[in-house]
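The values are calculated or read from the model by the stated rules, or taken from the named source; none is laboratory data. Here the structure is a predicted model, which is why all the values come from computation and not from measurement. Here the Cβ is made from the backbone with ideal geometry for all residues, glycine too, and neighbour counts use every protein chain on show. SASA here: full protein model, heavy atoms, side chains in, ligands and nucleic acids out. Shrake-Rupley method; radii C 1.70, N 1.55, O 1.52, S 1.80 Å.
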Amino acid sequence: MDMKRKGFNPIIEVEKDDFVLSDSVGVWSETKYNLMGLYCDIFTNSMHDKWENLVYIDLFSGCGFSRIEKTGRIILSSPLIAMSIPHKFNKYILCEENVDLCSGLQNRVSKYFNELDTQIINGDCNDKINLIIEEIPKQNSLCFCFVDPFNLKDLHFKTISMLGKVLRIDFLILIATGMDAKRNAEYHYLKVNNCVVENFLDDSEWREKYERSRLSFIQFLAKEYDSKMLKMGYKEPESFQQVKMNYRNIPLYHLAFYSKNDLGNKFWKEVKRYESIQTELF
């Protein structure tokens, strides 16, 4: 598929409105929004006439707008990018824990995308996962789930497992390797009474495995996460997409893509190729 010919640009600049904004994000956030938006586009463009229900799930939705630090630009964030693609999803399920951000999201969806079938859930996605699953149409549904936690403690593997075991679903998961894992490993996560990584991997024996692995903490997390996804029937993933701080070239996080279908990996490879072309051009 020639994505360049289609011309959808996920980075959509908007004017400030009357609703709440979250804290500013780094300019590197545009990379993750670009990749997730391009995948949404190729996903729905290719599958809209093959499935009765295409479902978009966002476990950490935010308020729908993001202000870019340093530049002050305001752009659409993941849920509203997913609503802006030419071929829409049939249903959008959006979860946000922060009450104010959730209210901002609800207001923006009502104002700008009121015609779409949207369910907004206020709460911790790990606690609300059964409700999220209940909202997914039971018949002939294919899902794409974007998972963008601020740090490792916000996401439990059981949440991903519950979705992946019962649904036809592709995942794009931000793993906070540089922002959180590397910074906190030695001082917090390796301590015996800390349960962050245990929940993140759903593995109470992870410390022993880590000590035997001879891998860096970041490499260990990536390897273990891939292994658990493979056990659920997901294909061998494409290599992690590393996102760096532009002006210092410091790794901030990785985007991990998982699909149970070879076509999903094909789409993701095409998305990464096109995103690289955009980076070279601009």
Of all accessible surface on the chain at a 1.4 Å probe, what whole percent is carbon and sulfur?
-> 45
Burial ranking of peptide ranges 114-122, 267-275 (average Cβ count within 10 Å, highest at the top) | 267-275, 114-122
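Report the convex hull volume per residue for region 68-214, counting only C-alpha atoms, in Å³. Before the final figure, lay out each step's value.
Values: hull volume 23.5 nm³, N = 147.
Here the figure is 160 Å³ per residue.
Under 12 Å from the Cβ of ARG207, count the other residues' Cβ atoms, weight Lys and Arg +1, Asp and Glu -1, and hand me the total. Please report the intermediate quantities before stating the final value.
Working: positive: LYS191, LYS209, ARG212; negative: GLU198, ASP203, GLU205, GLU208, GLU211, GLU224.
Taking every other residue near ARG207 into account, the sum is -3.
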For peptides 211-217, 145-151, 253-259, sequence by mean Cβ density within 10 Å, most packed first = 253-259, 145-151, 211-217
Peptides ranked, highest mean first, by Cβ atoms within 10 Å: ranges 32-44, 85-97 | 32-44, 85-97
For region 14-59, which GluC sites (Glu not before Pro) are in a loop by DSSP, counting at most 15 other Cβ atoms within 10 Å?
-> GLU15, GLU52
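Of the listed pairs LYS16/LYS228; LYS50/LYS153; LYS32/LYS235; LYS88/LYS260; LYS191/LYS223; LYS16/LYS158, which have alpha-carbon separations greater than 30 Å here? Show your work: numbers first, answer last.
On the way: LYS16/LYS228 42 Å; LYS50/LYS153 37 Å; LYS32/LYS235 22 Å; LYS88/LYS260 22 Å; LYS191/LYS223 21 Å; LYS16/LYS158 37 Å.
Listed pairs above 30 Å: LYS16/LYS228; LYS50/LYS153; LYS16/LYS158.
Using a Förster radius of 45 Å, what is the FRET efficiency between LEU190 and GLU13 based on their Cβ-Cβ separation? Nearest 0.05, please. Show your work: numbers first, answer last.
Numbers: r = 42 Å, r/R0 = 0.93.
For R0 = 45 Å, the calculated efficiency reads 0.60.
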Any idea how far the Cα center of region 101-169 sits from the one of region 64-92, in Å?
-> 16
Fraction of antiparallel bridges per DSSP, the chain only, in percent to nearest 5 | 40
Stretched fully, the stretch from MET47 through LEU116 gains (0.36 nm per residue minus C-alpha distance, one decimal, in nm) 23.0 nm
Can you tell which of ILE81, ILE133, ILE173 shows the greatest fluctuation in a Gaussian network model of the chain with Cα springs below 10 Å?
-> ILE133
Please compute the Cα-Cα pair-distance distribution of the chain with 10 Å bins starting at 0, giving whole percents from short to long.
-> 6, 29, 38, 22, 5, 0
